[in-house]
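Read through the structure below, which is laid out as structure tokens, and then see the notes.
The values are calculated or read from the model by the stated rules, or taken from the named source; none is laboratory data. Just so you know, these numbers come straight off a predicted model, no measurement behind them. So basically every Cβ, Gly included, is an ideal-geometry build from the backbone, and we count neighbours across all protein chains shown.
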Amino acid sequence: MIARSEPTCRACGRSLQGVQVSASRRSGTTDELGPDEPGRDGSDGSDLLAALLDGMDAALCAFDADGVVTHWNREAERILGWSAEEAVGRRGLAGWAVRSADAEEVESRLLSAMHAPGRQVHEFALLTKDGGRVLVRTQSAAVRGPDGKPAGVYCAFSEVHTQIDLERSIALSEALFEDAGWGVVLVDADLRPAVVNAHAARALGRGRTSVLGRPLGELLAQGVEELESALQHVLAQGAPPEPAEVWVSVRSPEGERRRCWRSGFLRLASPLAEEPVPLGVGWLFQDVTESRQAEQEASLLRFRAQQLHRASRAAAECEDPGEAVTVHLDFALAGFADHALIDRVADGSPAGAQTGAQTAAQDEGPVRLVRVAATPSGAPGPSRLSGRAGLPVRYAEGHPALQCVERAGALRASAGSAGPEEARAWAVSRQWPPDAVHALCAVLRSRGRTLGVVTFLRGAGRSAFERADAMYAEDVAVRIATALDLAELTGRN
């Protein structure tokens with residue numbers, strides 16, 4: 001055999017000669033070392049190196065300075081079908097791993113790495129043992145001997161489609177975490193964010209690094225239980241078949257924000273383990289708050305329009321106008337409030353003479369209101385008229401109902417963030433049911449006169465009244481005022 005310097009592994013600096021000898025023993029192409037030769041003492045290290053190279057995920061082969069194959073690992077055998085015994089000791093790749101017509105070009109490009117700095121990347125079509133062809137991408141670099149001179153080449157290669165799939169996966173991951181138009185969060189097995197993209201960081205109202213490793217309860221005020229339950233289910237059972245919509249309240253330096261996130265979940269497992277090992281959950285979400293709120297508002301408007309239509313048709317069949325008053329009140333309560341009260345301006349009260357926005361009549365004396373209808377305070381049931389009780393309701397000065405009459409417009413009031421006892425005292429002091437927390441008063445006007453006020457009340461389980469609720473209450477008040485005025489004209493009130 002031609003004398004040549006001993007090749008070494010560029011990765012660890014260990015000699016590849018022992019690997020060549022070990023493989024050559026199996027193929028019978030070289031003589032074994034004698035008992036007094038230096039390679040005998042390093043046999044354990046060579047065996048370890050051979051085991052390490054055989055365990056690599058990438059295919060690897062090595063050539064000496066003359067182009068003789070010195071190593072061929074198991075991944076190379078898997079891709080091309082040639083065993084180490086068949087490959088080690090062959091000179092070049094012509095006729096068995098490369099077509100003869102292409103062998104000169106392929107070998108020259110591979111061996112040119114001995115005289116080039118760094119690594120060289122090429123793509124070749126190699127032959128498999130069964131005659132097929134496979135396109136591979138190679139990375140080759142020089143192996144230098146103890147004197148620093150090139151002693152051979154090692155070449156790592158993999159199937160091109162496998163490499164392309166890997167590159168696509170990496171490119172996809174980078175794009176998701178940099179340019180994605182939706183939030184992407186990798187949550188570890190402890191349900192804490194491990195990686196967050198820029199879109200998700202903006203949705204959470206914080207920086208990309210400030211959210212890492214923090215419990216979700218520190219980032220979300222509401223909805224965290226539902227979100228953590230979904231993440232735990234994915235870790236245990238896998239991804240759900242369809243995205244889910246989760247309503248959350250995001251904690252941020254600007255305050256809490258109510259948002260709806262359409263979320264998808266993926267269980268992440270390590271591809272390197274023999275058995276799937278959960279690495280966490282990939283959580284992708286998109287903010288759909290505006291569209292969902294628009295849908296809810298449209299649905300609410302349709303429902304309220306239907307209620308007004310049904311109430312008008314039912315009231316038209318009432319012979320007694322006073323009964324029509326309670327019909328409108330009962331239809332308005334559905335999905336809107338828990339209690340409702342109607343207070344009529346007492347006869348002779350200055351408010352009864354007001355027209356338009358005029359308020360000068362207030363100088364004649366305080367406004368007196370008389371309760372004419374109310375929803376049952378105990379069990380559910382229809383509203384009822386209180387009859388012609390002449391005693392006014394004992395409303396204190398500044399009561400929302402009195403302010404509503406004076407302003408001739410809708411008025412909202414709420415106990416706010418008061419505790420249960422304070423909220424109860426707030427309601428009782430205003431002559432309302434003790435469970436009332438939010439109130440909305442709408443003035444009753446007909447033929448240019450203020451007839452009274454209707455008050456809608458909500459408990460703690462409902463949200464406070466909003467501007468859209470006030471507009472609906474005013475529509476109901478117009479119908480109630482018309483029925484009250486008709487009852488007065490017909491002498492039935």
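A few comments on the model shown:
- Spans of helices (runs of 4 or more DSSP H) in region 81-186 with at least 2 residues closer than 20 Å to Ala62 by Cβ and out of contact with any helix residue (DSSP H, G or I) (no Cβ under 7 Å at 6 or more places or on another chain): 84-87, 100-111
- Test: residue in region 96-108 that is of a type in the set (A, V, I, L, M, F, W, C), modelled with pLDDT of 85 or more and within 22 Å of Leu166 (Cβ to Cβ): no
- Any hit, region 78-87, residues being over 53 Å from the mean Cα position of the chain (by Cα), at pLDDT 85 or above and not hydroxyl-bearing (Ser, Thr, Tyr): yes
- Hits in region 307-343 - residues which are surrounded by 22 or more Cβ atoms within 10 Å (Cβ to Cβ) and assigned to a loop (DSSP other than H, G, I, E, B): Ala337
- Checking region 171-179 against the condition returns no match, with no residue being more than 36 Å from the chain's Cα centre (by Cα), of a type in the set (D, E, K, R) and modelled with pLDDT of 80 or more.
- Set Arg259, Arg251, Arg206, Arg192: member being in contact with a Pro (Cβ under 7 Å, 6 or more places away or on another chain), over 30 Å from Ile79 (Cβ atoms) and either loosely packed, with under 14 Cβ neighbours inside 10 Å or charged (D, E, K, R) (or both): Arg192
- Of the helices (runs of 4 or more DSSP H) lying entirely inside region 384-493, the ones with 3 or more residues being buried (at least 21 other Cβ atoms within 10 Å of the Cβ) and in contact with a strand residue (DSSP E or B) (Cβ under 7 Å, 6 or more places away or on another chain) are found at 400-407, 467-489.
- Of the candidates Arg206, Arg202, Arg214, the single residue that is closer than 19 Å to Glu256 by Cα and free of Cβ contacts under 8 Å to residues at least 12 places away in the same chain is Arg202.
- Selection within region 92-110 - hydrophobic (A, V, I, L, M, F, W, C), over 18 Å from Ile79 (Cβ atoms) and in contact with an Asp or Glu (Cβ under 9 Å, 6 or more places away or on another chain): Ala94
- Members of region 110-124 found to be touching a strand residue (DSSP E or B) at 6+ places or on another chain (Cβ under 7 Å) and touching a residue at least 24 places away in the same chain (Cβ under 8 Å), listed by number: Leu110, Leu111, Ala113, Met114, His115, Glu123, Phe124
- When Ala415, Ala439, Ala460 are checked against the criterion of being over 25 Å from Leu308 (Cβ atoms) and touching a Phe, Trp or Tyr at 6+ places or on another chain (Cβ under 8 Å), a single residue qualifies: Ala415.
- Taking region 279-301 as the range and being part of a helix (DSSP H, G or I), among the charged types (D, E, K, R) and surrounded by 14 or more Cβ atoms within 10 Å (Cβ to Cβ) as the test, only Arg292 passes.
- Residue check for Ala113: crowded, with 20+ Cβ neighbours inside 10 Å, of a type in the set (Gly, Ala, Ser) and modelled with pLDDT of 50 or more: yes
- Which numbered condition Arg304 misses (of (1) surrounded by 12 or more Cβ atoms within 10 Å (Cβ to Cβ); (2) not assigned by TED's automatic domain parsing to the domain that holds Val476): (2)
- Criterion (more than 26 Å from Gly183 (Cα to Cα) and out of contact with any Lys or Arg (no Cβ under 9 Å at 6 or more places or on another chain)) met by exactly one of Leu333, Leu268: Leu333
- Residue list for region 223-258, filter: assigned to a strand (DSSP E or B), over 20 Å from Arg192 (Cβ atoms) and among the charged types (D, E, K, R): Glu245, Glu256, Arg257, Arg258
- Residue in region 126-133 that is in contact (Cβ under 8 Å) with a residue 24 or more places away in the chain, β-branched (Val, Ile, Thr) and within 18 Å of Gln163 (Cβ to Cβ) present: yes
- The residue of region 439-485 that is farthest from Arg424 (Cα to Cα), among those that are under 45 Å from the mean Cα position of the chain (by Cα) and acidic (Asp, Glu), is Asp475.
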